[in-house]
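Novice: After the structure tokens below, expect a handful of questions from me.
All of the numbers you see were taken from the coordinates with simple rules; none came from a lab. Only a predicted model underlies this, so the values are computations on that prediction, with no experimental measurement involved. Glycine gets a Cβ as well: all are built from the backbone with ideal geometry, and neighbour counts include every protein chain shown.
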Amino acid sequence: MWRLKIAEKGRNPYIFSTNDFVGRQTWAYDPNAGTPEEREQVEEARRNFTKNRSKVKPSSDLLCQYQILREKNFKQTIPAVRVEDGEEVTYEKTTTALRRSANFLSALQASDGHWPAENSGVLFFLPPFVFCFYITGHLNTMFPPEYRKEIFRYIYNHQNEDGGWGLHIESHSNMFCTTFSYICLRMLGVGPDEEACARGRKWILDRGGVTSIPSWGKTWLSILGLFDWLGCNPMPPEFWILPSTLPIHPGFYLLVHKNVVLYSIGLHANVISLWKKICRANYTSDSITERRTVPSALRKCQLEACQTFMCKGGSLLSTYLDSGLPLG
């Protein structure tokens, strides 16, 4: 059974904190934890979530709530308020409802003062996390069977009815996250013909294959050996050695964009076996040419955008140099 750990360092000697790990929440698997009733409560919550996953996307943090409320022996003593259709909402009923809500919310506060919660938004956080451990050769170390089971559960539950995965849990399917989720499942040992992978692969192939994936996806596929670098949009590392005062310096990018550009320059791995296992199934042909493909319409747009950028960038740089401001 999984247990939520609050403000604990764990066994990793490389993790440190300047505030005694306040606000840190981690899940740890303990095969001996929980009574039979507690285990059944967890399984029932899982079954209900899977059953209603197309209607209610977030998990509502039920497993976390079960544990915290159980540890505090919480009992809601303020009665629920019912307001029928056409009934007047009085001050007393409003106050009672607010007090009941505040009582419940305060009970969910962890021992270190923060409120634990799931980051259940975007669907492109988990797969790159798995990719990194694959690249560094620590996949089996970091993801033992129980961890993989939960990763599979998460990805399966957020697969759309058309077989793809969206940018976030409420999103329609797109090539970016569908490809990421498919590769993540295959890396962790799911077979190509198992239902989720088969549906995901069909979604990819029905839309022309992975060559239409956005730039960030092309970069990851190239790092993994599943895409030719010639098909990627260039991200010149020279941008990082520009004077830091230039407005176009990557240091001014939004954090997530900055990290994308930064890692895109340096990560690499020798994963020929992954190509043999995954790649042929995700392209409409086995031609190396397709793996270098940038769709013609997209290539035209890229060229036009590049010309516009160079013209405007040159003009901007000239204006900046003429201003007499320091370059570094």
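Novice: Aspartates and glutamates within cross-link reach of Lys93: Cα-Cα under 19 Å, excluding same-chain residues under 8 positions apart?
Specialist: Glu84, Asp85
Novice: Please rank Phe21, Phe16, fewest neighbouring Cβ atoms within 10 Å first, as an exposure proxy. Please report the intermediate quantities before stating the final value.
Specialist: Details: Phe21 18, Phe16 8.
By the 10 Å Cβ count, ascending: Phe16, Phe21.
Novice: Further question: Just rank Tyr66, Tyr14, fewest to most, by other beta-carbon atoms within 10 angstrom. Could the numbers behind the result be given before it?
Specialist: Details: Tyr66 16, Tyr14 4.
Lowest to highest Cβ neighbour count: Tyr14, Tyr66.
Novice: Name the residue farthest towards the positive end of the dipole of the stretch 147-218 from the options Ile155, Pro192, Leu167, assuming +1 on Cβ of Lys and Arg, -1 on Cβ of Asp and Glu, about the Cα centre.
Specialist: About the Cα centre, the residue reaching furthest to the positive side is Pro192.
Novice: Also, quick follow-up: Can you give the relative contact order of the stretch 59-124 as a percent, counting alpha carbon pairs under 8 Å and 6+ residues apart?
Specialist: Numbers: 32 pairs, mean separation 29.3, N = 66.
About 44 percent, as a whole number.
Novice: In what order do Met235, Met175 fall by count of nearby beta-carbon atoms within 10 Å, going from fewest to most? Walk me through the numbers on the way to the answer.
Specialist: Working: Met235 15, Met175 20.
Ranking Met235, Met175 by Cβ neighbours within 10 Å, fewest first, gives Met235, Met175.
Novice: Binning at 5 Å from 0, report for the stretch 5-65 what percent of all alpha-carbon pair distances ends up in each bin.
Specialist: That works out to 4, 13, 18, 18, 14, 16, 10, 7, 1, in percent per bin.
Novice: Which trypsin sites (Lys or Arg not before Pro) does the stretch 48-83 hold that lie in a coil by DSSP with at most 11 other beta carbons within 10 Å? Could the numbers behind the result be given before it?
Specialist: Working: sites: Lys51, Arg53, Lys55, Arg70, Lys72, Lys75, Arg82; in loops: Arg53, Lys55, Lys72, Lys75, Arg82.
For trypsin sites (Lys or Arg not before Pro) across the stretch 48-83 that sit outside H, G, I, E and B with at most 11 neighbouring Cβ atoms in 10 Å, the list reads Lys55, Lys75, Arg82.
Novice: What residues have an amide H closer than 5 Å to that of Phe227, excluding those fewer than 5 places away on the same chain, when H is modeled at 1.01 Å from N in the peptide plane?
Specialist: Ser222
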